[in-house]
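Worksheet: the structure to be examined is printed underneath.
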């Protein structure tokens, strides 16, 4: 059994429950304890288990594949950033990180993941804005996240390995460079961001929200965080306007425009993430269809005449 567990890690495959249990028995925090593992849904770059120890204490064990390095995931940075997010009061406490086993263990949060439908409610959006502010005001992360740089890295990987790519993908690169230029010029600095706030990564324990899974965490422009939330949940524009208003404290057409541009870049960049995953992942999920849904929305925004006005709104806010 030990050999099977090690083999799963060595070849980069995600372990089943039996192999995961063998690996957990090698962790000082869990070794020698009675354990029960239950698979958790979700996790497109990892395999998650709810681990009940001695019948009364629960943890989450997140096993990752070495293939995730293609996706610009630094597991050591994820571990440290998870600790920092916990110190900010927004993430669960980290119990143990075992890089040789490919596992991160965090405390279990008793609650529910929120849904995209929840974000149509103004009160829920205000709660999300508040926890984002709390994270962003916390200690800086040990890594950075820049979607423009990551998108270029992803495109180089897709091109080098001949992975599947929409035929007209690179046609939008000139527009992307214009967007990059205006967003960099209008930046006021970076803050610690989660960078992957689909609603499955936001939990509600009935009293407060928690942010989980810090794979893509890093210091970033806060407008990427807001725009990515809007993009992932496919919300209408008025919901983004409300989210930005709650975050900033007042209506801000400029910051809303910046968040919209970052939301577009999120869709464009995550399309390549889907292409890579479609080619290398052993998770049973249709990554290509997922990516094409995002790409279709990105194409519509690139071709929308309103894109030029968004760029102009941001450019005009830049001080000489």
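The values are calculated or read from the model by the stated rules, or taken from the named source; none is laboratory data. Keep in mind it's a predicted model, so treat the numbers as computed, not measured. Positions of Cβ are generated from backbone atoms using ideal geometry, with glycine treated the same way; all protein chains shown enter the neighbour counts.
A few points about this structure:
- Of all residues in region 138-156, those satisfying the criterion of being surrounded by fewer than 18 Cβ atoms within 10 Å (Cβ to Cβ) and over 21 Å from residue 184 (Cα atoms) are 139, 156.
- Residue match in region 19-30 (condition: over 22 Å from the mean Cα position of the chain (by Cα), within 30 Å of residue 132 (Cα to Cα) and in contact (Cβ under 8 Å) with a residue 40 or more places away in the chain): no
- Contacts under 9 angstrom Cβ, first residue in region 292-320 being within 18 Å of residue 171 (Cβ to Cβ), partner modelled with pLDDT of 95 or more and exposed (fewer than 12 other Cβ atoms within 10 Å of the Cβ), 6 or more apart: 299/168; 302/171
This table checks each residue for (1) at pLDDT 90 or above; (2) surrounded by 15 or more Cβ atoms within 10 Å (Cβ to Cβ); (3) part of a helix (DSSP H, G or I).
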position	(1), (2), (3)
5	no, yes, yes
9	no, yes, yes
12	no, yes, no
26	yes, yes, no
32	no, no, no
36	yes, no, no
43	no, yes, no
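- Flag if residue 80 is part of a helix (DSSP H, G or I), assigned by TED's automatic domain parsing to the domain that holds residue 272, surrounded by 14 or more Cβ atoms within 10 Å (Cβ to Cβ) and at pLDDT 95 or above: no
- Comparison of 62, 50 shows that the only residue that is assigned by TED's automatic domain parsing to the domain that holds residue 30, touching a strand residue (DSSP E or B) at 6+ places or on another chain (Cβ under 6 Å) and crowded, with 22+ Cβ neighbours inside 10 Å is 62.
- The number of residues in region 112-126 being crowded, with 18+ Cβ neighbours inside 10 Å and assigned to a helix (DSSP H, G or I) comes to 4.
- Residue 272 buried (at least 17 other Cβ atoms within 10 Å of the Cβ), more than 18 Å from residue 197 (Cβ to Cβ) and out of contact with any strand residue (DSSP E or B) (no Cβ under 8 Å at 6 or more places or on another chain): yes
- Region 301-320, residues that are assigned to a helix (DSSP H, G or I) and either touching a helix residue (DSSP H, G or I) at 6+ places or on another chain (Cβ under 7 Å) or under 20 Å from residue 231 (Cβ atoms) (or both): 301, 302, 303, 306, 307, 308, 309, 310, 311, 313, 314, 315
- Being within 28 Å of residue 108 (Cα to Cα), at pLDDT 95 or above, surrounded by 18 or more Cβ atoms within 10 Å (Cβ to Cβ) and out of contact with any strand residue (DSSP E or B) (no Cβ under 7 Å at 6 or more places or on another chain) is true of residue 226.
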